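Here's the structure we're looking at; comments come further down.
Here, each number is a calculation from the coordinates, and none is a lab measurement. Model, not experiment: these values are computed from the prediction. Note that each Cβ is placed from the backbone with ideal geometry, even for glycine, and that neighbours are counted across all protein chains shown.
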Amino acid sequence: MKKLAIAITAALLSSSVLAADKADKSMDDLWGDNSVIQKQISGERGAWFKEDKYSMFVHWGLYSMTGGEWNGKTYYGIAEWLMSPHMADIPKEEYKKLAAKFNPTDFDAKAWVKLAVDSGMKNIVITAKHHDGFAMYDSAASDYDVIDASPYKRDPMKELAEECQKAGIGLGFYYSQNQDWYEQGSARTSWTAEDQTNSFEDYFNNKVVPQVTELLSNYGPISTVWFDTPGQMSKAHSMRLVELTQQLQPNALINSRIGNGVGDFKTLGDHHISDINHTGLWETIDTTNSSWSYAWYDENWKTSKKIVESLITTVGRGGSYMLNVGPDGQGNIPQKAQQNLLAAGEWVKENGVAIYGADASPWGRIQPWGDISVKGNKLYLHVTEWPKEDEIYLSGLKNNVVSVELLNPIETGFFDGLFGDDNGVSYEKSNSGWTVFNLPKDQPKELSTTIVVELDGEPQVDDTIGIDPIQSTYLSSVFSKCNSGCKNGQSRWMEKFGEWKYAENIMNWDNTGKATWSVDVAKAGEYILDVEYSADDTVDFSEWYFTIGGKDYAMQAIDSGNRHNSKRQMGGRTLLRFHTATLALVDMPAGKQEIVVRPKSEVTGGGILLRSISFRPVK
Ligand code: FHN
């Protein structure tokens with residue numbers, strides 16, 4: 001390390017502060033305390049975050065050159081973890097040699113920023129230093145940086161900062177503060193079997209503080225300081241980084257992964273698209289394919305429609321969406337990512353009024369046909385699933401409707417207008433509390449169509465879940481209520497290493513368990529009941545009752561193939577597999593009612609993990 005003296009702060013941290021964890025803990029341990037200080041996030045500082053809603057995340061570093069492959073073998077999962085024992089287990093001295101070859105001559109900061117802008121994104125957050133410890137900028141605090149250790153001799157962060165400023169979008173830096181696989185004393189260097197000659201304190205004071213200081217001092221205004229995997233880092237360490245930020249970039253916001261509950265906004269778990277609304281400032285972070293950094297085999301690109309849907313639903317839950325690209329080792333953002341981002345960006349441009357600065361849906365959940373965002377007295381209905389019957393149903397709206405129109409009507413010819421084909425929408429209110437919107441026959445916008453509904457005041461809503469008479473209604477378990485004999489909880493697991501999946505479940509059943517959804521059925525009739533659950537061999541053959549319209553429908557569960565202590569999971573977690581059983585053709589009466597699930601037989605193994613039930617109307 002060069003200028004150790006930059007370490008301004010060692011004195012502020014007590015020497016008794018413990019080193020971060022060295023053991024192979026689970027990802028929960030690494031994510032640490034993810035809460036935020038609510039008082040910090042209110043007011044002016046958070047205003048841009050509330051407005052912007054859509055940002056670009058970039059994972060780019062030495063690992064982008066390997067693209068998930070080492071010595072001819074492909075390691076599937078998040079490719080920036082290639083060095084770790086969970087993947088290729090590359091000795092530091094070997095990995096370090098990548099730096100001498102890092103020469104991304106195709107990197108074009110202007111083009112990256114243009115891509116973000118044309119995609120409708122308002123910020124870029126980029127990996128200035130990831131867990132591998134390599135600084136992707138000119139760091140005086142370490143020789144292991146792009147200027148000293150690579151032939152590239154350019155500072156990509158500087159170039160990006162300049163281009164972001166020109167384009168008027170924000171720039172944030174990702175900095176891995178706790179894990180640094182290159183540095184003695186940091187968390188998770190123990191697998192190198194080196195003697196840990198340095199303490200975490202040495203690492204923190206001699207690398208983290210000086211490097212974060214550089215990032216906050218040398219690149220103009222920074223919108224976000226994005227920390228990651230704080231693990232068991234002490235509150236004093238987290239607070240030191242907060243103080244640095246407040247001193248050097250008072251307008252910058254810090255994410256919750258600074259640890260110890262001292263961030264400004266909350267980052268949900270990787271790839272977590274929430275089923276429920278959250279309060280305060282928060283974001284979903286997601287990837288355009290599956291890995292964060294470039295992986296040669298990863299062609300699991302999100303379509304432009306999927307991108308638009310995820311953006312809409314995140315805004316509908318009250319959050320912001322940060323979507324990642326993984327440029328390759330030459331600095332090229334994969335074509336498929338670009339193509340789909342740009343196509344989604346066309347939609348964002350046309351429908352921005354319903355996204356930027358929009359508030360959460362008062363219904364608190366997705367709708368069978370799409371989702372809802374709000375501004376003042378206006379509802380924006382985002383219709384992603386265009387109904388065959390030319391109408392959509394909305395339950396529980398208490399206000400009077402003042403007007404309804406398409407946000408972007410299709411251009412019509414002169415005569416179309418004259419003969420009444422005006423691409424318009426209309427509505428009817430039933431006295432049972434449903435509002436029905438009549439729509440044009442063909443979907444005006446392929447990705448999603450926005451309908452603007454002006455109300456006579458701020459939206460007033462009865463949020464009882466409506467069962468749609470046209471589209472399938474998905475009832476996430478998160479909206480059920482459990483008695484003391486069961487529990488609502490979340491399960492998470494990894495499919496490939498680092499690719500997270502989430503499920504809200506009803507779990508921990510005993511024989512007295514009873515879970516209830518309150519629903520409002522728009523039209524009496526026949527519906528197909530689908531049950532989505534997960535079970536292991538201890539739950540195989542267990543029996544369950546679903547009570548609908550006064551009748552008990554019985555289900556015998558099958559082992560859906562869960563694997564306990566799966567080696568795919570860090571920290572010996574369970575790999576969950578879900579099964580969807582089409583259970584019954586049920587008769588549902590119209591109106592408000594309860595749907596109840598309870599065990600029919602003796603509960604073993606905590607019972608099924610019940611994720612959702614769905615009702616498909618029979619025409
Ligand atoms: O370990 C990192 C991972 O490589 C990636 O950077 C993600 C992005 O949120 N954060 C950590 C895992 O949560």
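Among the lysines, which have Cα under 29 Å from the Cα of Lys429 when same-chain residues fewer than 8 positions away are ignored?
Lys375, Lys378, Lys388, Lys398, Lys441, Lys445, Lys523, Lys592, Lys619
Would you please give the residues with an amide H less than 5 Å from that of Tyr553, counting only those at least 5 places away or on a separate chain, with H modeled from the backbone geometry?
Phe546, Thr547, Ile548
Can you pull the semi-axes for the range 80-169, root of five times each eigenvalue of the Cα gyration tensor, sorted largest first, whole Å?
27, 16, 11
Within straight cross-link reach of Lys600, meaning Cα distance under 23 Å, which lysines are found once same-chain residues fewer than 8 apart are removed?
Qualifying lysines at Cα under 23 Å: Lys481, Lys487, Lys514, Lys551.
Could you work out, for the range 312-392, what percent of all Cα-Cα pairs fall into each 5 Å distance bin, beginning at 0 Å and stopping at the bin that holds the largest distance?
Cα pair-distance distribution for the range 312-392, in percent: 3, 14, 19, 20, 17, 13, 8, 5, 2, 1.
Suppose every Lys and Arg Cβ carries +1 and every Asp and Glu Cβ carries -1, with no other charges. What dipole size does the chain come out with about its Cα centre, to the nearest 20 debye?
800 debye
Quick one: if the Förster radius is 22 Å, what FRET efficiency do Ser403 and Ala524 give, using the C-beta to C-beta distance and rounding to 0.05?
The computed FRET efficiency comes out at 0.10.
Going 7 Å from the Cα of Asn377 in the Cα-to-Cβ direction, what parts of the range 430-467 have a backbone nitrogen less than 14 Å from that spot?
453-460
Obtain the nm distance between the two label points defined at Asn71 and His564 by a simple spin-label model: each point lies 7 Å from its Cα along the Cα-to-C-beta direction.
Between Asn71 and His564, the simple spin-label model gives 3.5 nm.
Tabulate in residue order the Karplus-calculated ³J(HN,Hα) for the range 534-540, using 6.51 cos²θ - 1.76 cosθ + 1.60 with θ = phi - 60°, rounded to whole Hz; enter x for Gly and Pro.
Here the 3J(HN,Hα) series is 9, 8, 10, 5, 6, 10, 3 Hz.
If you average over every viewing direction, what projected area does the convex hull of the Cα atoms of the range 345-397 give, in nm²?
Its average projected convex-hull area is 4.3 nm².
By how many degrees, 0 to 90 and rounded to 10, does the Cα axis of helix 304-316 deviate from the longest principal axis of the chain?
For 304-316 against the chain, the angle is about 80 degrees.
Not counting the cut sites, what is the longest span of the chain without GluC sites (Glu not before Pro) that DSSP labels loop and that have at most 10 other Cβ atoms within 10 Å?
1-298
Viscosity 1.567 mPa s, temperature 4 °C: what is the translational diffusion coefficient of the range 556-608 from Stokes-Einstein with a Kirkwood Rh over Cα pairs, rounded to a whole number of µm²/s?
After rounding, the answer is 89 µm²/s.
Apply the a/c threshold of 1.5 to the C-alpha gyration tensor of the range 56-101 and tell me whether it is rounded, prolate or oblate.
Since a/c reaches 1.5 but b/c is at least a/b, the shape of the range 56-101 is classed as oblate.
If R0 is 25 Å, what FRET efficiency do you get for Glu602 and Ser472 from their C-beta distance, rounded to 0.05?
After rounding, the FRET efficiency stands at 0.15.
Take the alpha-carbon centre of the range 274-288, take the same for the range 141-158, and report the distance between them in whole Å.
Result: 34 Å between the Cα centres.
So how far apart, in nm, are the two label points at Thr538 and Glu44 if each is 7 Å from Cα heading toward Cβ?
5.6 nm
Which distance in nm do the two modelled labels at Gln339 and Glu454 give, with both placed 7 Å along the Cα-to-Cβ direction?
Those two pseudo-labels are separated by 4.2 nm.
Around Ser320, which amide H atoms from residues at least 5 apart in sequence, or from another chain, sit under 5 Å from its own amide H, with H modelled in the peptide plane?
Trp282, Glu283, Thr284
Taking every pair of distinct Cα atoms and averaging 1/r, then inverting, what Kirkwood hydrodynamic radius in Å comes out for the range 370-514?
Computed over the range 370-514, the radius equals 18.2 Å.
Quick check of the Kirkwood formula: for the range 275-324, what is the inverse mean of 1/r over all pairs of different Cα atoms, in Å?
Kirkwood radius, the range 275-324: 11.7 Å.
Could you tell me which residue out of Leu585, Gly269, Tyr474 lies farthest along the dipole of the chain toward its positive end? Charges go on the beta carbon: Lys and Arg +1, Asp and Glu -1, centred on the Cα centre.
Sorting the options by dipole projection puts first Gly269.
So what's the back-of-envelope 222 nm ellipticity for the chain, counting only DSSP H runs of four-plus at -39500 (n - 2.57) apiece and dividing by all residues, rounded to 500?
Estimated from H runs of four or more residues: -5000 deg cm²/dmol.
Using only Cα atoms, locate the centre of the range 491-570 and the centre of the range 465-487, then give the distance between them in Å, rounded to an integer.
Taking the Cα centre of the range 465-487 as reference, the centre of the range 491-570 is 12 Å away.
Which shape class applies to the range 26-181: rounded if a/c is under 1.5, otherwise prolate when a/b exceeds b/c and oblate if not, where a ≥ b ≥ c are the square roots of the Cα gyration tensor eigenvalues?
It is oblate, given that a/c is not under 1.5 and a/b is not larger than b/c.
Could you size up the charge dipole of the range 179-282 around its Cα centre, putting +1 on the beta carbon of Lys and Arg and -1 on that of Asp and Glu, and report it in debye to the nearest 20?
300 debye
Please list the equivalent ellipsoid semi-axes of the range 507-619, computed as the square roots of five times the alpha-carbon gyration tensor eigenvalues, in descending order and whole angstrom.
29, 15, 12
How long, wide and thick is the chain, going by the Cα atoms along their three principal axes, in whole angstroms, largest first?
So the extents along the principal axes, rounded to whole Å, are 74, 68, 48.
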